[in-house]
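The next block holds one structure in the form of structure tokens; read it before the comments.
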Amino acid sequence: MKKRPSRKSTSRAAKADRILVVDDNKGIREIVASMLTTAGYRCRAVPGGRQALKLLASGHKFDLITSEIGNEPMDGISLLDQLKRKYPDIPVLMVTAGYGVSSVLEAMRSGAYGYLLKPFEREQLYFAVQRALEYCRLKAENRALRAKLARLAGMG
Amino acid sequence: MDFETSPRRLSSEVFNALCAALGYLESCISGDTPPDKVFEVLLKVQEQAERALEAEMELFRAIGADKYPVVQ
């Protein structure tokens with residue numbers, strides 16, 4: 001969220017990826033969602049884990065979720081645990097203050113795809129998001145290819 | 001001490017309000033904010049800066065720093 005030197009490297013390619021931003025701080029939530037929307041992502045932002053789970057349960061689909069670790073009343077790690085149980089294919093990026101490195105380790109152990117330390121620059125956000133989405137796409141592709149291979153092997 | 005006034009919570013409030021203020025400023029500087037919305041966003045910067053100050057003062061009280069005289 002610091003001033004960046006140039007916006008030339010910002011990818012503005014049209015993306016259909018849907019991202020859910022979970023942060024109990026209205027300002028941070030608004031800024032992250034606005035940065036992602038500017039980059040072409042479809043974004044929803046909610047203040048807490050309960051609202052996030054409610055949205056998912058009601059059928060809304062997301063390709064990526066970003067969540068603040070220190071959210072209240074449901075902290076980011078608890079949300080992550082539930083997401084990993086119910087929606088294991090959605091990558092989760094954890095966001096926390098620069099001094100919260102120890103909680104990042106816990107989040108990574110619990111299955112977070114990656115993390116961002118605040119204050120972060122716009123390019124760091126885009127890079128982390130793109131990497132997480134790419135990882136998921138490759139995973140899905142790998143799964144599909146394995147299934148195809150298994151089918152072909154079964155035919156022979 | 002309840003959660004809302006715990007030093008940890010207040011410290012996080014200060015940090016987040018400052019991050020948000022920086023983020024809003026960045027959106028003005030980078031040109032993401034349309035010219036006719038800049039004033040509106042600057043008011044948000046002000047709101048966040050005030051929140052940071054407020055939380056900092058609460059934090060100061062929560063840690064009891066206001067109860068002791070400053071020794072020169």
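The values are calculated or read from the model by the stated rules, or taken from the named source; none is laboratory data. Treat the numbers as computed from the prediction; the structure is a model and nothing was measured. No Cβ is skipped: glycine too gets one built from the backbone with ideal geometry, and neighbour counts run over all protein chains shown.
Inside the stretch B:29-40, can you point out the residues that are of a type in the set (Val, Ile, Thr) and either surrounded by fewer than 17 Cβ atoms within 10 Å (Cβ to Cβ) or at positive phi (or both)?
Within the stretch B:29-40, the subset of a type in the set (Val, Ile, Thr) is B:29, B:33, B:38.
Hits for the stretch B:29-40 are B:Ile29, B:Val38.
Only a single item in (1) more than 7 Å from chain A (Cβ to nearest Cβ); (2) crowded, with 16+ Cβ neighbours inside 10 Å is not met by B:Glu26, and it is number (1).
Step by step: first the residues of the stretch B:47-67, then only those that are exposed (fewer than 12 other Cβ atoms within 10 Å of the Cβ), of a type outside the set (A, V, I, L, M, F, W, C) and assigned to a helix (DSSP H, G or I), then the one that is farthest from the other protein chains (Cβ to nearest Cβ). Which residue is that? Here the answer is B:Lys67. Kindly indicate the residue of the stretch A:90-114 that is within 9 Å of the chain's Cα centre (by Cα) and among the β-branched types (Val, Ile, Thr) and also surrounded by the fewest Cβ atoms within 10 Å (Cβ to Cβ) among those meeting that condition. The extreme case among them is A:Ile90.
Only one of the numbered conditions (1) over 13 Å from the mean Cα position of the chain (by Cα); (2) under 17 Å from A:Asn25 (Cα atoms) is violated by B:Gly23, and that is (1). All conditions but one from (1) surrounded by fewer than 15 Cβ atoms within 10 Å (Cβ to Cβ); (2) of a type in the set (Lys, Arg); (3) at pLDDT below 90 apply to A:Lys86; the one that does not is (3). Listed by position, the helices (runs of 4 or more DSSP H) contained in the stretch A:12-99 that have at least 2 residues being away from chain B (no Cβ under 14 Å) and on the phi < 0 side of the Ramachandran plot are A:49-57, A:76-86.
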